């Protein structure tokens, strides 16, 4: 079931949008005329789509888009007036996944709603992939650092150090990253201990 929060201060336009959504079998789970009320409803209802008119009160649309872009709770379909001189700026917000012009055309509105949902799914998938790759890169750097510690501390070759970490990972049934982090932490404590010993000797 497609759920929608409708953000629109114009009662006539809000009713028109509501009628179209109902005709498509979609459910309006919240209606708001102001930005603050919209944010409360969106966070409470967690809709699949947020339909936002470019003329609301209580908070300008750009401010609302800033918050929605940060939270990334759902795709935004913007209802845009051709006379809105800030329209181009509003479309740059990452929360806006599609837009359609006022007055509404049912076919254009329907296609824009589907496009917003599809774009949001692609965007979310891309974000997840970027996060995964960033995590892989961080893990690689941590493993490389730990490998260097083993090589320096025990005179191992790069391959020997890596195999040692692999064995520990398999025996302890934990990730290579966890093993690497443990090695780095152990070295840190060792260095701190050595520093304290040196200070005590210097005092003598």
Scattering profile of the range 1-122 from the Debye formula, Cα beads only, expressed as log10 I(q)/I(0) at q = 0.09, 0.11, 0.20 Å⁻¹, is -0.19, -0.29, -1.11
Can you give me the angle between helix 158-172 and the longest principal axis of the chain, using Cα atoms only, in degrees from 0 to 90, rounded to the nearest 10? 70 degrees
In degrees rounded to 10, the 0-90 angle between helix 35-45 Cα long axis and the longest Cα principal axis of the chain is 70 degrees
Roughly what angle does helix 106-154 make with the longest principal axis of the chain, taking Cα atoms, 0 to 90 degrees, to the nearest 10? 10 degrees
Suppose R0 equals 41 Å. What FRET efficiency, 1/(1 + (r/R0)^6) with r the Cβ-Cβ distance, do residue 43 and residue 157 give to the nearest 0.05? 0.15
The chain -> Rg/Rh from Cα coords, Kirkwood Rh, value 1.31
With 10 angstrom as the radius, rank 93, 70 by how many other C-beta atoms surround their C-beta, starting from the fewest. 70, 93
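With a cut-off of 8 Å between alpha carbons and a minimum separation of six or more residues, what is the relative contact order of the chain in percent?
Relative contact order, the chain: 13 percent.
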Separation in nanometres of the label points that stand 7 Å from Cα toward Cβ, at residue 133 and residue 92: 2.5 nm
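No value in this document is a laboratory result; all are computed from the given coordinates. Everything numeric here is computed off the predicted structure, so don't read it as measured data. In this analysis, Cβ positions are derived from the backbone assuming ideal geometry, glycine residues included, and neighbour counts consider all displayed protein chains.
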